[in-house]
There are 2 protein chains.
Amino acid sequence: MSALGDLLAFQRDTSALGQIAGRLGWDQETMMPEGASAQRAEEMAALESVLHARRSDPRIGEWLAQIETPTDPIAAAHLREITRSYERAVKIPARLAAELARVTSIAQGEWAAARAADDFAAFVPRLSEIVALKREEAAALAEEGSAYDALLQDYEPGASAAELEAMFGALRPRLVALRAAILDAPQPALPELGQFDEAAQLALAQELAQVFGYDLNRGRIDTAVHPFSSGSGADVRITTRTDPADPFNCLYSTLHEVGHAVYEQNVDPDLGLSILGQGASMGVHESQSRLFENQLGRSRAFCSWLHGRMQARFGAALPGGAEDFYRLINQVHPGCIRTEADELHYNLHVLMRFDLERALIAGDLAVADLDGAWNERFASDFGVQVPRSSLGCLQDVHWSVGLFGYFPTYTIGNLYAGCLFAALQQDLPDLDGELAQGNPGPALAWLREKVQCHGAAQEPRALIEAATGMPPSAEPLLAYLEAKFSDLYGL
Amino acid sequence: MSALGDLLAFQRDTSALGQIAGRLGWDQETMMPEGASAQRAEEMAALESVLHARRSDPRIGEWLAQIETPTDPIAAAHLREITRSYERAVKIPARLAAELARVTSIAQGEWAAARAADDFAAFVPRLSEIVALKREEAAALAEEGSAYDALLQDYEPGASAAELEAMFGALRPRLVALRAAILDAPQPALPELGQFDEAAQLALAQELAQVFGYDLNRGRIDTAVHPFSSGSGADVRITTRTDPADPFNCLYSTLHEVGHAVYEQNVDPDLGLSILGQGASMGVHESQSRLFENQLGRSRAFCSWLHGRMQARFGAALPGGAEDFYRLINQVHPGCIRTEADELHYNLHVLMRFDLERALIAGDLAVADLDGAWNERFASDFGVQVPRSSLGCLQDVHWSVGLFGYFPTYTIGNLYAGCLFAALQQDLPDLDGELAQGNPGPALAWLREKVQCHGAAQEPRALIEAATGMPPSAEPLLAYLEAKFSDLYGL
């Protein structure tokens, strides 16, 4: 075999082993007996160590050195991504990788305990240790460049904090102004909800998933504490959860995860089990899940159809008409918790995390001062005092497991979703007519062709630019939010 | 670290990866979406190739060469089993291992198709290829020794065909005579069964599993096409199946798998994720599952308790008294299918497979002649003509996936169960009194202490000899079967 053939065959096995790690993660959250967690941690560590050794295998360097730049764009994309992964892996000393794995594994339990006890101070020493290790990792990865940008590459290849700052900077003042105007406006009277049978919620979630193109022959839906999507190619599974008092949590978190899962299912099968056989970045991934959940799923047109389906399944538990339903699921209310935020507040949650984590990585903010800095910023953007740390800087698991550079991808996803939706509306003039019939099919086909089928063959920014015909910016998202919520609140 | 420490740490990761392979196998039979099977085959192949490379890693040879024979018996046992695994792995050329994996993977589907079509001739070419590859593998493993014995070591370390022949030779004539006498005797009138709710079957199966010590905090029960047990240590899962017309299939296959699973759960946790942290052999494993299912589960004493539980759950679907129930689930009837056989016929099924597969591996029987040889032997031992190949030599999957040397471990398990049960009855004079109360606890504690906790630290034969105080033989099983069935059929 040629060096390229050898390299791709080697990478194929690495990708297959990566899929196995994903399947174990799914099992852990859905099926694994409780008493198995310590043993599972060892099994996962053994697999991660195999994966790390493969990603930094010196043969990859030798193959790369032998291969001439290919003319075929897909071969070039394979090489680009394999090179990125290899260069990253060899920069991290094995000792640091092992220490980060060990410390973040211990920290998960400590974070959960600190959150349960509302005791930020108790978590400061461990979080300080994690920040120190991540700064060391960032320095190793960045060499002469920006430490934060180096971390960002793991989730959003090609992005830089400077570029994000520009886009996010355009977003924040107009979002803050819009939320202030909405909260000053007269609030609509909303229907009082009854109780919603949980089995019926799951049945409707499954119906919605199929309406949105999720192929259950290559996936499955289970319940778990947190909704998530897992896997690529022919085995992409999602989870959801139910609450008898709140059917929308189940339905819209299902739609969100279906957005992630359908993206993975729609990647060109020719890219399957390769480094390109998955979504292009966390940001592009989030753009698909947000489009499914918000731009399509929370649109007035689709809500009119969904309202009928809900009435058929739940009857009197859901009083009011389709317009009440639309207002209810698009209600704007400032809350402390990111994962419960509406479309408008969500980005404000993310933007403050982006600023705070950059300060932590730069060394400009001490972990001990994080709680105070969080609460001050929250009061300024949301007009609300954070009552306790579990509703403040202890609410998210991300930092405790070492995910720095991850948060901004949520807003990148929303920005990309804004750009894609504007282009999609241009190309599909009868979108609302189709959605009102419960048919997102034309929109799904557009997303499949423009974004999803390409997997990671194109870099994120280039992919969005090619799909929309313009460079990504905050403007389409802002225009969409301002129009939608001005209409809803009669501004 | 010392060479011993390095070797054990390396083996620990290999064992952890082996557990992952087991979990994927479980997933495939219980949870995996249908469309994922081709991708899963690639994922498994990637993991198997990692495992093969680790088992034959040259560093193992170097570590073994540096280590002086340890005085600690557990350390010595680790070395014994690691040496066995390493020497086996390095004897098999990579080309042969890959070819066997490829051919047996194709053969599974072809076997299923041939069985469905009752067309043995269609399967002859592929099975001939498999036998040729297994003969090549056996020759590589055996070097100067017996080819069949070399294959046997994979499932029953330390066993030899000559020793088995002696034990099995004592078994066959007395079993054939006993079955003839029973079938000539007047047959008892048995109650006509109704229909049994499948959810209630599963609930009773779960109750039985817990009565027999299965820890659901470190396991779980799902339904699958075939009942099986999977995993070691803190994550040991079982499957079962239901048939509304036959609740005993569900209950007794659950008890059987619980025997396997409880064995794994009871291995000393200090041996967890090591090469010793699992059952000692397939034969010892089968002894535990057979004891749970037969000697304990089908005893008159336990049946009197179980009959009450079944009446409580199923009422009129189960007419007759406890003695009728006992006779029903111990009914002797010659049938063509091994997995449906009673305690008495089961070993006759196995013995003929043992003789036939030895002839295939020795080259004394051509695959093309297997069907005829099977039917002739079956007529002689069972007094029944095999009507078609799906009820004859195509019924079991084993040979089509290359499992030669596996069948005899079923009867080794029965022989070991006979020896253990005789010793257990001696030590626990009130066994029947406890079983009649639905309490196998004292018997479970005896098995745990004498057999299960040791894992693979002792070799199978030595383990049974230490537990029972005598060398294994066919006599205790024969005495048990002759006493039980003479009583049942008034011989």
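The values are calculated or read from the model by the stated rules, or taken from the named source; none is laboratory data. Not measured: the values here are computed from a predicted model. Methodologically, a virtual Cβ is constructed for each residue, glycine included, from the backbone with ideal geometry; neighbour enumeration extends over all protein chains shown.
Count, please, the residues in segment A:68-98 that happen to be part of a helix (DSSP H, G or I), of a type in the set (Asp, Glu) and over 26 Å from the mean Cα position of the chain (by Cα).
Here the count works out to 0.
What is the one condition in (1) within 10 Å of another protein chain (Cβ to nearest Cβ); (2) crowded, with 16+ Cβ neighbours inside 10 Å that residue A:8 does not satisfy?
So residue A:8 meets the others, but not (1).
Mind checking which residues of segment B:188-236 are within 14 Å of chain A (Cβ to nearest Cβ), without any contact (Cβ under 8 Å) to a residue 40 or more places away in the chain and of a type in the set (A, V, I, L, M)?
Residues satisfying the conditions are B:216, B:221, B:234, B:236.
Would it be correct to say that residue B:179 is closer than 27 Å to residue B:250 by Cβ and free of Cβ contacts under 8 Å to residues at least 24 places away in the same chain?
Criteria not met by residue B:179.
Using the structure shown, decide if residue A:69 is assigned by TED's automatic domain parsing to the domain that holds residue A:86 and modelled with pLDDT under 95.
Answer is yes for this residue.
Taking the condition in the same structural domain as residue B:474 (by TED's automatic domain parsing), in a helix (DSSP H, G or I), at negative phi and of a type in the set (Phe, Trp, Tyr), does residue B:196 pass?
Against the criterion (in the same structural domain as residue B:474 (by TED's automatic domain parsing), in a helix (DSSP H, G or I), at negative phi and of a type in the set (Phe, Trp, Tyr)), residue B:196 does not qualify.
Considering (1) farther than 30 Å from residue A:161 by Cβ; (2) not in a loop (DSSP other than H, G, I, E, B), say which one residue A:242 fails and leave the rest.
Looking at each condition in turn, residue A:242 falls short on (2).
Within the group A:47, A:51, A:7, which residue is in contact with a Gly (Cβ under 7 Å, 6 or more places away or on another chain) and either free of Cβ contacts under 8 Å to residues at least 12 places away in the same chain or in a helix (DSSP H, G or I) (or both)?
On inspection, the qualifying residue turns out to be A:51.
Step by step: first the residues of segment A:14-56, then only those that are within 19 Å of residue A:224 (Cα to Cα), among the acidic types (Asp, Glu) and within 7 Å of another protein chain (Cβ to nearest Cβ), then the one that is surrounded by the fewest Cβ atoms within 10 Å (Cβ to Cβ). Which residue is that?
A:34
For the structure I just gave you, tell me whether residue A:59 is at pLDDT below 95 and either within 14 Å of chain B (Cβ to nearest Cβ) or assigned to a helix (DSSP H, G or I) (or both).
Answer is no for this residue.
Inspect all residues belonging to segment B:314-324 and state whether any of them is touching a residue at least 60 places away in the same chain (Cβ under 8 Å) and within 16 Å of the chain's Cα centre (by Cα).
no
Only residues that are touching a residue at least 12 places away in the same chain (Cβ under 8 Å), in contact with a helix residue (DSSP H, G or I) (Cβ under 6 Å, 6 or more places away or on another chain), outside any helix (DSSP H, G or I) and over 15 Å from residue A:268 (Cβ atoms): list them for segment A:444-491, please.
Answer for segment A:444-491, where residues must be touching a residue at least 12 places away in the same chain (Cβ under 8 Å), in contact with a helix residue (DSSP H, G or I) (Cβ under 6 Å, 6 or more places away or on another chain), outside any helix (DSSP H, G or I) and over 15 Å from residue A:268 (Cβ atoms): A:472, A:474, A:491.
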